[in-house]
């Protein structure tokens, strides 16, 4: 299929990428023997049940069942599409992704939209150099050439068709321009969304332009709002994006903390003055998606708002979005600015040191939470205490189970003398699945091959046991063929391969089944299991021929079948009793 990524490349990529390194950049891991553990990032829990197994390039949560490869982790955690996850890992490994049918990604993955938005960004940057008034605006805000280049700032001319003329007006081109939100349809036909505005490109986590913000230079009857963002598109959802997160990640391999401010210029001015951890929401209140994105990048987040009523209202909306994401180890703070000041003006007057001193004095979330809820409550009265408890109840129940929630409940008890009862969540699943009392040979063979795909290289077809009528045998035969065809395949890739099939859930469990010893012991056990399955196949064939003799006499067998029966009886009689016992196993081996 054109545009498809070859499976062999996926296997090679997963073999080269260190899944521990990929996950540890997003989730704090702790060494546990040969593996690594953490609290699961996909569900709320108090005890770590999330395990990363570098030898299998595989992660698994024994609590919620989340599992997969490094590719699957990026898709689930960073909400990437499959090609984007592969591209990111390939860039990390220094590989170029080969696409079948000409080396290009399929059209439906939005590559053309990204390319067009990049061309638009470059057009606006060129136009900035031509516009005296646009350059004068940035000069008045104190921006130097390096900062303007870092953020790719530009200018949209005061024309209805400047961008269209520069990028092309073919039907296909116009269709793409509309999909990016840069061109709209109206009574005047197709017109450009941004006109006479300084432009701020908005980048995704990979640095690709996905949208723009624009600020007017001159207020006119049809100039629209002071700040205007691109409309929602297939690439851009403002409730899920943060302005300048890409720039922050370029500066910091490990982000110490993030500062959330309200405006583009606040972010850019902070950067220019050395405060390189600032991001901004895109003209919308802080959402839960914003909160999760912030905490995925660092554990400490500072929300910076005006100290007026509107600013405190915005801060409270941030609290409501952050509380469900406050797992243990995460912290949120609130910095309220003096009247008439914003981050831009403060950092210009006080410098980096002055602004960072203000951050040190920021209000912790817990303090702001109780101060805001009890501001108009008389805690000296029983009624006031009851009111505080009632206001706090629906919010505190959203905090994930853990020490932070316990401390918030204790603080409520201290302030209102009310013990708020919250139903405890179901106990976490055990960190290791229960070891089955008896494991069938097929289950053992499948599990060992799944965890050690390289064993298949030493198995030459045809396989005697493929004729064995026992549940799981077709899967074992198929697995051997898959592992031989794709010698670089990993445990994680096999589980992903079967994810949508009926066997997927069983393989997920077998991927984390524990076996004593090391690789030599596992190899010996695996090939011993295959030999026993071969013996079971011999017993099955002997019983078939014996049944024919009993029903039709020895004459019912051909000369060749008579010789075969004699040989089988000798072979089976020489086999250990364990073989005969295993031959009677039945039912689902998984």
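What follows draws every value from the coordinates through simple rules; no lab data is involved. Since the structure is predicted, the reported quantities are computational estimates derived from the model, not experimental observations. Because the Cβ atoms are built from the backbone with ideal geometry, glycine has one as well, and the counts that use them run over all protein chains shown.
What the table below lists for this structure:
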| item | result |
| --- | --- |
| Pairwise Cα inverse-distance average, inverted: Kirkwood Rh of segment 441-583 (Å) | 16.6 Å |
| Using a Förster distance of 25 Å, the FRET efficiency for residue 18-residue 366 (Cβ separation, nearest 0.05) | 0.10 |
| Potential extension, residue 288-residue 78 segment - 0.36 nm per residue separation minus Cα distance | 74.2 nm |
| Answer label for log10 I(q)/I(0) by the Debye sum over Cα atoms at q = 0.08, 0.09, 0.12 Å⁻¹ (calculated), chosen among (i) -0.63, -0.78, -1.29; (ii) -0.74, -0.87, -1.23; (iii) -0.57, -0.72, -1.23 | (ii) |
| Inter-part distance where segment 235-253 and segment 301-350 are each reduced to a Cα centre, Å | 18 Å |
| Sorted by Cβ density within 10 Å, fewest first, the residues 259, 5 | 5, 259 |
| Crossing angle, helix 473-485 versus the chain [Cα axis fit, 0-90 degrees, rounded to tens] | 60 degrees |
| R0 of 30 Å, Cβ-Cβ distance residue 179-residue 331: FRET efficiency to nearest 0.05 | 0.15 |
| Segment residue 132-residue 379, length gained on full extension (0.36 nm per residue, minus Cα span) | 82.9 nm |
| Cα-Cα pairs of segment 110-236 separated by more than 23 Å (percent) | 27 percent |
| Relative packing of peptides 343-355, 190-202, 276-288 - highest average C-beta neighbours within 10 Å first | 190-202, 276-288, 343-355 |
| Cα-projected label distance for residue 397 with residue 149, points at 7 Å along beta-carbon direction, nm | 5.6 nm |
| Residues in segment 296-328 that a label on residue 359 would reach, taking backbone N under 13 Å of a point 7 Å out along Cα→Cβ | 298-304 |
| Between segment 183-228 and segment 23-49, the alpha-carbon center distance in angstrom | 42 Å |
| Extension gain (nm, one decimal) between residue 4 and residue 206, 0.36 nm per residue minus Cα-Cα | 70.6 nm |
| Relative contact order for the chain, counting Cα pairs under 8 Å that sit 6 or more residues apart, in percent | 11 percent |
| Centroid-to-centroid separation of segment 496-545 and segment 61-76 [C-alpha atoms, Å] | 24 Å |
| Where labels lie 7 Å past Cα in the beta-carbon direction, separation of residue 555 and residue 170 in nm | 8.3 nm |
